[in-house]
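Working notes, structure below.
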Amino acid sequence: MKAAFIGLGSMGLPMAENLLKAGVDLTVWNRTKSRADGLIAQGAHWADSPSQAVQGQQIVITMVSKDSVLEEVTLGEHGFASVLSKDAVHVSMSTVAAETSEKLRAAHQAKGAHYLAAPVFGRPDAAAAKMLFILSAGPAAARELAAPYLAAMGQKTFELGDEPRLANVIKLCGNFMIMGLIESMGEALTLCEKNGMPRQLFIDILSQSIFPAPIVANYGKQIAEQAYEPARFKLELGLKDANLVLQTAAEAGMAMPLAQLMQARFQTAVANGRGEWDWTGAAYNISADAGIKP
């Protein structure tokens, strides 16, 4: 097994490390080369550009922060789309708009290559522990070729058929539900505190009774303790995802009032210099607005 991996941020780095542990002969590229030092020490090869990284590769994995960066490394001046081998598979694991997937799929098809959307549910700690849930959508042959690589990075892969955009829509809908959970827990915890109940006690009760889910226990603990730094998923990326959710909703001709609320929460936080906080920090203003010093 061999592959190119592009994007070594807080998610991409542990994912690439798991590929190395699985025995993949890995070539890597990142805008900041020092991020690759540990991987190179473990046997990865460095490439000086995205196009150089993918030459001769049948599998190219990207994990970058947003749509514009994905398009840059794929279609930009030093992008790899023009040199991708025939029948090679680009596995895009970023959270991006469905229309971005459509654009890249068309670009790759024109060159005889394939595009696979494979966004993930999970934060950096889950990526490091190989506990990601992966959504895989694209041509059947591409999904089959990519399957062992995805298995090396996650605990379960959901096969979603031939249309890449479906994986992106599901990922955005999942992130939207997490946004709603952050809001509801922030409001409930503030109400408990206003009535003299310890915040963590409330989360302990809920996570051991009617909401027995790790996401409630984990996110709830952060909000209960108001522990928003260091970020596991940056608040500014939460704003990006809220924008994408609303963009997708507009294209579908529907209103999403809760998504609009969360967009405002994130935008306010970014405007007040909290963009580097964890996105659970969207709950900060709930307490402040209730007269409780966060």
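The values are calculated or read from the model by the stated rules, or taken from the named source; none is laboratory data. Note that the structure is a prediction, hence the values are computed from the model and not measured. Note that each Cβ is placed from the backbone with ideal geometry, even for glycine, and that neighbours are counted across all protein chains shown. Keep in mind that these areas ignore ligands, DNA and RNA; they rest on the heavy atoms of the full protein, side chains included. Shrake-Rupley method; radii C 1.70, N 1.55, O 1.52, S 1.80 Å.
Only one of the listed residues (Glu251, Glu225, Glu193) is closer than 25 Å to Val64 by Cα and of a type outside the set (S, T, N, Q). That residue is Glu251. In segment 105-127, the qualifying residues are those that are within 21 Å of Leu235 (Cβ to Cβ) and open to solvent by 50 Å² or more (accessible area, probe 1.4 Å), and the one that is nearest to the chain's Cα centre (by Cα) is Phe121.
Filter segment 44-60 down to residues that are open to solvent by 40 Å² or more (accessible area, probe 1.4 Å) and in contact with a strand residue (DSSP E or B) (Cβ under 7 Å, 6 or more places away or on another chain), then give me how many there are.
Matching residues across segment 44-60 total 3.
Residue under question is Leu26, and the condition is that it be open to solvent by less than 30 Å² (accessible area, probe 1.4 Å), more than 30 Å from Ala249 (Cβ to Cβ) and either touching a Gly at 6+ places or on another chain (Cβ under 6 Å) or in a loop (DSSP other than H, G, I, E, B) (or both); does it hold?
No.
Of all residues in segment 53-71, those that are of a type in the set (Asp, Glu) have Cβ atoms under 7 Å from Cβ atoms of residues that are crowded, with 24+ Cβ neighbours inside 10 Å, 6 or more apart or on another chain, in Asp67/Val96.
Scoring Val96 on the criteria (1) buried (at least 22 other Cβ atoms within 10 Å of the Cβ); (2) assigned to a loop (DSSP other than H, G, I, E, B); (3) touching a Gly at 6+ places or on another chain (Cβ under 9 Å) leaves a single failure, condition (3).
Counting only helices (runs of 4 or more DSSP H) that fall entirely inside segment 215-294 and contain at least 1 residues that are among the acidic types (Asp, Glu), under 21 Å from Ala167 (Cβ atoms) and open to solvent by 60 Å² or more (accessible area, probe 1.4 Å), the qualifying elements are 235-252. Residues in segment 29-43 that are touching a helix residue (DSSP H, G or I) at 6+ places or on another chain (Cβ under 7 Å) and open to solvent by 10 Å² or more (accessible area, probe 1.4 Å): Trp29, Asn30, Arg35, Gln42, Gly43. Checked against (1) part of a helix (DSSP H, G or I); (2) in contact with a Ser or Thr (Cβ under 6 Å, 6 or more places away or on another chain), Phe176 meets all criteria but (2). Residue pairs whose Cβ atoms lie under 6 Å apart, sitting 6 or more positions apart in sequence or on different chains, and linking a residue in segment 12-39 that is at pLDDT 95 or above to a partner that is surrounded by fewer than 22 Cβ atoms within 10 Å (Cβ to Cβ) and among the charged types (D, E, K, R), are Asn18/Lys130; Asp25/Lys2. Residues in segment 168-205 that are open to solvent by 70 Å² or more (accessible area, probe 1.4 Å) and of a type in the set (S, T, N, Q): Asn195 only.
All of (1) closer than 25 Å to Leu172 by Cα; (2) surrounded by fewer than 22 Cβ atoms within 10 Å (Cβ to Cβ); (3) at pLDDT 95 or above hold for Leu8 with one exception: (2).
Summed over segment 133-167, the residues that are open to solvent by 50 Å² or more (accessible area, probe 1.4 Å) and assigned to a helix (DSSP H, G or I) give a count of 8. Could you grab me the full set of residues in segment 33-72 that are part of a helix (DSSP H, G or I), of a type in the set (Val, Ile, Thr) and closer than 17 Å to Asn18 by Cα? Selection gives Ile40 alone.
Among the numbered conditions (1) without any contact (Cβ under 8 Å) to a residue 40 or more places away in the chain; (2) farther than 26 Å from Lys171 by Cβ; (3) polar (S, T, N, Q), the only one that Ser207 does not meet is (2).
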